[in-house]
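Just below is one structure, and these are the notes that go with it.
Nothing in this text is a laboratory measurement; each read-out follows from the coordinates by a stated rule. The model shown is predicted, which means the values in this text are computed figures rather than measured ones. When we count neighbours, we look across all protein chains shown, and the Cβ atoms used for this are built from the backbone with ideal geometry, even at glycine.
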């Protein structure tokens, strides 16, 4: 199971509002700090068409926010998320480490979905290795 996001002290509960889906640029991302009774929780939400997926905004190398030194975290082709601190690279769709200090590391996937009001909310499904590898699918897929 890949529910590492739940191990953070400030992990929000299922159903917590993250942001409006319309506030995320297509083929882009939004950095959000979710505030709940548990505390503040940093999330990066990515959008491609009508599909969204999210990761905890913490590089596993030193647990600094991936956008710690600026918001240029996507490679030119959009395939790699790059930590602005030490350049660790992670696959856009799965979070698996693909470059530099990201090798043998993985971002923590946060399950999200777009609700009937067009809001991105924390979802209740469990992330498995299979669904994490298909991250970014639309509503017909394992992850939205």
Report summary line: Listed with the fewest Cβ neighbours within 10 Å leading, 8, 63 appear as 63, 8
Report task. Could you work out how far the C-alpha centroid of the stretch 18-76 sits from that of the stretch 100-122, in angstrom? Result -> 8
Report task. Rounded to the nearest 0.05, what FRET efficiency do residue 7 and residue 69 give with R0 = 35 Å and r taken as the Cβ-Cβ distance? Could you check? Result -> 0.85
Query raised in the report: What shape does the stretch 1-42 take by its C-alpha gyration tensor, where a ≥ b ≥ c are the square roots of the eigenvalues and a/c under 1.5 counts as rounded, a/b above b/c as prolate, and the rest as oblate?
Result: prolate
Report summary line: Honestly the stretch 1-81 on the Cα gyration tensor test (a ≥ b ≥ c root eigenvalues; a/c under 1.5 rounded, otherwise a/b vs b/c for prolate or oblate) is just oblate
Report summary line: Note: residue 77 to residue 35 extended length (0.36 nm per residue) minus current alpha-carbon separation gives 11.9 nm
Query raised in the report: Mean residue ellipticity at 222 nm from the helices of the chain, using -39,500 (n - 2.57) per DSSP H segment of n ≥ 4 over the full residue count, to the nearest 500 deg cm²/dmol?
Result: -500 deg cm²/dmol
Report task. Once you've got the GNM for the chain with C-alpha springs shorter than 10 Å, pick whichever of 119, 69, 82 has the biggest mean-square fluctuation. Result -> 69
**Report entry** the chain shape via C-alpha gyration tensor axes, a/c threshold 1.5
**Finding:** rounded
